[in-house]
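The values are calculated or read from the model by the stated rules, or taken from the named source; none is laboratory data. Note that this is a predicted model, so its numbers are computed, not measured. Please note: Cβ atoms are built from the backbone with ideal geometry, for glycine as well, and neighbour counts cover all protein chains shown. The accessibility values were calculated without ligands, DNA or RNA, using every heavy atom of the protein model including side chains. Shrake-Rupley method; radii C 1.70, N 1.55, O 1.52, S 1.80 Å.
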Amino acid sequence: MNRLTRSRTRSALATGVVGLLSFALVVPPGAQAAPLVEAAPSAASAAVEAADETAPDPAAAEPVAPESEEAEFVPAEELADAEDGAEPEGEDATPEEDATPDEDAPSDEDVPLFAPEAEPQVATADATGFAVVGVTWSGDVSEDSLVVEVRTSIDPEAPADGDAGWDAWQAVEAEPSPDGTLDGTEPLVVGDVARVQARVSGTEPVRDLKLTVVDPGTSPADDDVPTPPEGTSPGGASVAAASAVTTRPSINSRRAWGADESIMSWTPRQGSIRGAAIHHTAGTNNYSRDDVPRIIRGIYAYHAQTRDWGDIGYNFLVDKFGRVWEGRSGGVTRQTIGGHAIGYNTNSTGISVLGNYETATVSNSAVSAVVGLAAWKLSLHGVPASGSTTINGTREQRIFGHRDVASTACPGRTLYAKMSEIRRRATAAQERAAAEQAQGSIADGTFVQNPGGKVALVENGRKHLAYCSVVQDYGERCGSVRKVNSSTWSGLVKSSRLQRTVRSDGRLFWVGRGTKREVFDTASLRRAGKSSPSVSLHPDALSRLPYGNPIVRPGVIVTNRSNGNDRLIINGRKHSGRVGNYLQRNTPLGNLDRGYLDSSSMARLPRVTKTTGVVEGKGGRSYLLTTRGLARTDGTGGFRSSTKSQDWRKALKAEVPQAGGWTRVVAVRQNGKGQIYILRDGVLRPVSKARARQINGGSMPRVHVILKVTRKQFPVGSQL
């Protein structure tokens, strides 16, 4: 076996490095404008900071103490001997007891592990658990002066001096400590493997080169991490949102991922948040939901102990499933200084997505989680998500990628490509919050969605749960409705489920395709095949919807609510002239059902000619409207072209009774007049009663009484 030093995590070890870490976490002068002192809580966060500190945590995970192994590097050519446990050639296994040390010989501190021209150095170690690894050294080096590569094997017998059983080498980037010293790599999540090997080459000599393998341990709670409801603190206390603060995402606490607080030796300090830095963690993307707590524990141990930072560097971590996790201790609502981007820690919050997004495509769930977290965290401290700000003497976007401020590929190619989208969506979330605050409440007719995904229409302080198909008929999409936190949702009174049929202020509507269609009556709705249960809503809840074509069955009289005018409706069309008292009083039209429509509904009905009492039907049939009903006029030779007639269709004719059987002789007289006419070839021909009997074969024909408006449609010819 190679030379290994196993170190069990102990609180005593953490205590011993407090003094060193206090120095290590001081950012060099000029790195940021704000002093490293605890800032006074902002107005937006003062009301919620106590919740972070005092509320009980709902998570059941117990602290888990990670274990670390350190493997020393040897020249690549000596790998076989190191694997067999032999000492390098030319060295005695045990020095002579009486040997006199050479006073001129250099000490270990003066001897570099390798010179620039030396062979690459390699370290090999066993790995257990969902391992996290990294390489460290003493002293500072310049960027790109060292090349660090790591490979893994699932075979516990994979030979250190060969390629059999090993995956390909992958580069690991150097990561500076918070004090600016480049003395180690970023943590690499290698996952569930059996062996790990690191290879280092470079142009600068270094000493104390070590490979650290962290076993994060396991906890029964890893496979059942409870997620706090949206709008709560890590401790579970309700958050009272301040001015224009967006909905707070669910945040899993440090205890939820099993943080062993005994190794946390850094005293939290507060800065002044001006932006958010987006990172990714190096290593595997092939992890399950249950692996996430182990991954975070491994990064925590590597940062806190191996790198001597005293705590995890990131303020927040986001997994590929869209869950948010509390990182660095100090309070998620406070402006806690992180250790994630040298020169930018005091003035930015660090958000890291678990996975390597230089090679893999970042999930939509992770992007959405970053959007919600960044929008909330920045708005909490009064910082807009859009635009730029000055940090460390440079002008940067307020939401920026790690590569924008450091020589690194972080946050990876695919996640970096989402930066514009993240800024845009975070800005939109903040604008929605500002609009909600400005109006003081959620406006009637607004669709909202709670953290559990339920959607409802807000109306007069009530919520009407809705299926997505109904939401679409109201002109919205479930995926784009406004998100509200649990407190806002609970504050709305539960009411009846939203329907397409709506009763509102004495009106009946059917909602579909983003419009509201006023309905004459329920019979009209049934005839149109749109009958459904109804819901009662305040008019304001429908005010944003435009009017569509009203639903009116044929053969009814509709009164315009605005001006009181009556219109006869036939086949979805309105007569252009009023159906006044004269027609309604003297014809069966007065017996038709009556109702009301808004002027906006009436305006959408197409017009036909005004009611004349001359009706055309299919198959050559025609009718006259008489005081007793419709009289058949078939066989009269047809109407003249100048006659204004209307097609009432079958539906309307069924609403008006028949005035009598059909005869070839059609005799009429005007209401209130005694003159009889015979209708022939579209002309009224005056006749005497005797002539009428003669024309009808000796018996008096039935004389239909018509109104003046109808009689005037026909020219009067010579007497028969």
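General observations
- Among residues of the stretch 195-209 that are closer than 14 Å to A171 by Cβ, those with a Cβ under 6 angstrom from a residue that is surrounded by fewer than 19 Cβ atoms within 10 Å (Cβ to Cβ) and aliphatic (A, V, I, L, M), sequence gap 6+ or separate chain, pair up as S201/V147; G202/V147.
- Options V484, V448: the member that is surrounded by 21 or more Cβ atoms within 10 Å (Cβ to Cβ), under 22 Å from V371 (Cα atoms), touching a Ser or Thr at 6+ places or on another chain (Cβ under 8 Å) and touching a residue at least 24 places away in the same chain (Cβ under 8 Å): V484
- Summed over the stretch 487-502, residues that are of a type outside the set (D, E, K, R), under 15 Å from F447 (Cα atoms) and crowded, with 18+ Cβ neighbours inside 10 Å total 6.
- Screening G475, G514 for residues that are small (G, A, S), more than 19 Å from Y596 (Cα to Cα) and open to solvent by less than 30 Å² (accessible area, probe 1.4 Å) leaves exactly one candidate, G514.
- Taking the stretch 522-566 as the range and being farther than 21 Å from H464 by Cβ, in a loop (DSSP other than H, G, I, E, B) and out of contact with any strand residue (DSSP E or B) (no Cβ under 9 Å at 6 or more places or on another chain) as the test, the residues that pass are G529, S562, N563, G564.
- The stretch 124-139, residues that are closer than 17 Å to P205 by Cβ, at pLDDT 85 or above and either open to solvent by 10 Å² or more (accessible area, probe 1.4 Å) or over 41 Å from the mean Cα position of the chain (by Cα) (or both): T136, W137, S138
- Here D290 qualifies as over 24 Å from G382 (Cβ atoms) and surrounded by fewer than 23 Cβ atoms within 10 Å (Cβ to Cβ).
- Counted residues, the stretch 386-405 - those being touching a residue at least 60 places away in the same chain (Cβ under 8 Å), in a loop (DSSP other than H, G, I, E, B) and open to solvent by 40 Å² or more (accessible area, probe 1.4 Å): 3
- Pick from the stretch 491-509, criterion in a loop (DSSP other than H, G, I, E, B) and among the small types (G, A, S), ranking: nearest to R432 (Cα to Cα): G491
- Filtered residues of the stretch 248-275 (kept if outside any loop (DSSP other than H, G, I, E, B) and either surrounded by fewer than 22 Cβ atoms within 10 Å (Cβ to Cβ) or not polar (S, T, N, Q) (or both)): I251, R255, A256, W257, E261, S262, I263, Q270, G275
- The set of residues in the stretch 671-684 being touching a helix residue (DSSP H, G or I) at 6+ places or on another chain (Cβ under 7 Å) and open to solvent by 40 Å² or more (accessible area, probe 1.4 Å) consists of N671 alone.
- The stretch 685-719: number of residues that are under 15 Å from K644 (Cα atoms) and either open to solvent by 20 Å² or more (accessible area, probe 1.4 Å) or modelled with pLDDT of 90 or more (or both): 6
- So V245, is it within 24 Å of the chain's Cα centre (by Cα) and either part of a strand (DSSP E or B) or modelled with pLDDT of 90 or more (or both): no
- Of all residues in the stretch 157-181, exactly one satisfies the criterion of being open to solvent by less than 20 Å² (accessible area, probe 1.4 Å) and at pLDDT 90 or above, namely V172.
- The residues of the stretch 183-202 that are of a type in the set (A, V, I, L, M) and surrounded by fewer than 19 Cβ atoms within 10 Å (Cβ to Cβ) amount to a single one, A194.
- Elements of the type helices (runs of 4 or more DSSP H) sitting completely within the stretch 615-716 and holding at least 3 residues that are of a type in the set (D, E, K, R): these cover 649-655, 689-695.
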